[in-house]
Amino acid sequence: MTHDVIVIGGSYAGMAAALQLLRARRSVLVIDFGTRRNRFASQSHGFLGMDGMAPGDIVRIAREQLEAYKTLTWIDDTVADVSGETDAFTVTTCAGECHDGRRVIFGTGVTDALPEIEGLAERWGKHVFHCPYCHGYELNEGRIGVIGTGPNSVHQALLLPEWGPTTFLTNGVVPLDHDVRADLLRRGVTIEDTPITRLSGDATVELTDGTSLDFAGLFTASVVAPSSDVAERLGCQIEDTMLGRMISTDASKETSVPGAFACGDTARVPHSVALAVGDGSWAGASVHRSLIS
């Protein structure tokens with residue numbers, strides 16, 4: 001059987017793309033292993049109608065709604081390879097199964113590279129975050145720390161005083177010139193240049209001089225890359241962005257390989273559940289138009 005569309009990655013963007021195509025009565029195969037980027041968070045915020053819901057519940061409800069459409073096929077697996085061209089793509093899973101499709105959509109998401117600070121990875125998504133719109137409100141205007149990783153950290157530090165008193169921990173890796181320091185001070189940001197030893201408690205930062213700073217929550221700018229390299233191996237162009245590496249797409253979400261599309265965190269900046277869903281919906285509609293052109 002040749003599917004109209006094979007969606008690689010069944011998280012928020014992938015399912016949103018699939019929904020548009022299913023509603024156009026197209027045959028859609030979704031292949032997904034179930035590893036979501038926001039799996040560490042207990043709640044998802046900023047998504048209209050589902051604000052404060054557990055990420056797993058959003059995904060469960062969405063999948064149940066997709067499964068009401070008769071032209072959906074869902075496989076719980078990981079994609080090992082994609083080959084072919086428009087109207088003749090072949091997707092191979094790690095289980096060794098081969099599936100044919102006229103179009104493919106990469107909704108594979110991204111992987112976060114975090115600062116190598118003791119205790120940080122264990123707190124990611126719980127007490128250390130990347131998006132203030134997703135997690136800032138719940139800190140209840142408490143003290144906020146921004147752990148520096150690069151230029152994007154300055155942007156975070158300038159933005160976060162909206163949510164609480166903010167300290168920018170440059171950690172010895174973000175040099176600040178006179179103008180940037182002045183901008184931060186004008187926003188009321190406290191600047192701490194002492195390097196970080198480790199994180200402890202919920203959101204306590206221990207510095208190399210023995211000082212401990214307690215925060216309601218911490219933010220850091222991770223560097224991202226596509227969670228799978230199958231799009232790149234197919235020949236899709238990858239671009240460097242302010243947040244990391246992404247699959248390059250045009251305005252219709254088509255990649256540099258005709259007939260292959262990409263959406264969600266792996267193909268746009270900035271990132272959030274709401275933006276991923278919108279991006280996926282547009283990708284799905286664009287793929288449908290390509291099938292009838």
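At a 4.7 angstrom Cβ threshold, list every cysteine in the chain that has nobody to pair with, or say none.
Within the chain, the cysteines lacking a partner Cβ under 4.7 Å are Cys94, Cys98, Cys236, Cys263.
What residues have an amide H closer than 5 Å to that of Ala80, excluding those fewer than 5 places away on the same chain, when H is modeled at 1.01 Å from N in the peptide plane?
Under 5 Å from the amide H of Ala80: Thr92, Thr93, Cys94.
What dipole magnitude, in Debye to the nearest 20, does the chain give about its Cα centre under +1 on Lys/Arg Cβ and -1 on Asp/Glu Cβ?
Roughly 880 debye for the chain.
How would you classify the chain from its alpha-carbon gyration tensor, with a ≥ b ≥ c the square roots of the eigenvalues: rounded for a/c under 1.5, else prolate if a/b is greater than b/c, otherwise oblate?
Taking the square roots of the gyration eigenvalues as a ≥ b ≥ c, the chain is prolate.
Go through the stretch 247-262 residue by residue and turn each phi into a ³J(HN,Hα) via Karplus (6.51, -1.76, 1.60, θ = phi - 60°); whole Hz please, and just put x for glycine and proline.
These are the phi-based 3J(HN,Hα) values: 6, 7, 9, 8, 5, 8, 6, 7, 7, 6, 9, x, x, 10, 10, 8 Hz.
GNM, the chain, Cα, under 10 Å: largest mean-square fluctuation among Cys94, Cys134, Cys263?
In this elastic network of the chain, the residue with the biggest mean-square fluctuation among Cys94, Cys134, Cys263 is Cys94.
Hey, can you grab everything whose amide H is under 5 Å from the amide H of Phe261? Only 5+ residues off in sequence or another chain; H modelled, so Pro and N-termini drop out.
Val104, Ile105, Phe106, Thr255
Would you mind computing, in nm to one decimal, how far apart the modelled labels at Glu232 and Glu141 are, each placed 7 Å from Cα along Cα→Cβ?
4.5 nm
With angles folded into 0 to 90 degrees, how steeply does helix 12-23 sit against the dominant principal axis of the chain? Use alpha carbons for both and round to 10.
Once rounded, one gets 30 degrees.
Please get the size of the charge dipole for the stretch 115-220, origin at its Cα centre, with Cβ charges of +1 on Lys and Arg and -1 on Asp and Glu, quoted in debye to the nearest 20.
180 debye
Taking only C-alpha pairs under 8 Å that are 6+ residues apart, what is the relative contact order of the chain in percent?
Relative contact order of the chain: 22 percent.
Pop a pseudo-label 7 angstrom from the Cα along the beta-carbon direction at both Val269 and Glu162 and give the gap in nm to one decimal.
1.9 nm
Among the DSSP beta bridges whose two residues both lie in the stretch 115-220, what percent are antiparallel, rounded to the nearest 5?
30 percent
Apply the Karplus parameterisation 6.51 cos²θ - 1.76 cosθ + 1.60, with θ equal to phi minus 60°, to every residue of the stretch 142-152 and state each ³J(HN,Hα) to the nearest whole Hz, in sequence, with x for glycine and proline.
For the stretch 142-152, the Karplus curve yields x, 5, 10, x, 10, 8, x, 10, x, x, 5 Hz.
How large is the helix-only mean residue ellipticity at 222 nm for the chain, computed as the sum of -39500 (n - 2.57) over DSSP H runs with n ≥ 4, divided by its residue count, in deg cm²/dmol to the nearest 500?
Roughly -7500 deg cm²/dmol at 222 nm, from the helical runs in the chain.
All of the numbers you see were taken from the coordinates with simple rules; none came from a lab. Worth saying up front: this structure is predicted, and the values here are computed from it rather than measured. Backbone-built Cβ (ideal geometry, glycine too); neighbour counts: all protein chains shown.
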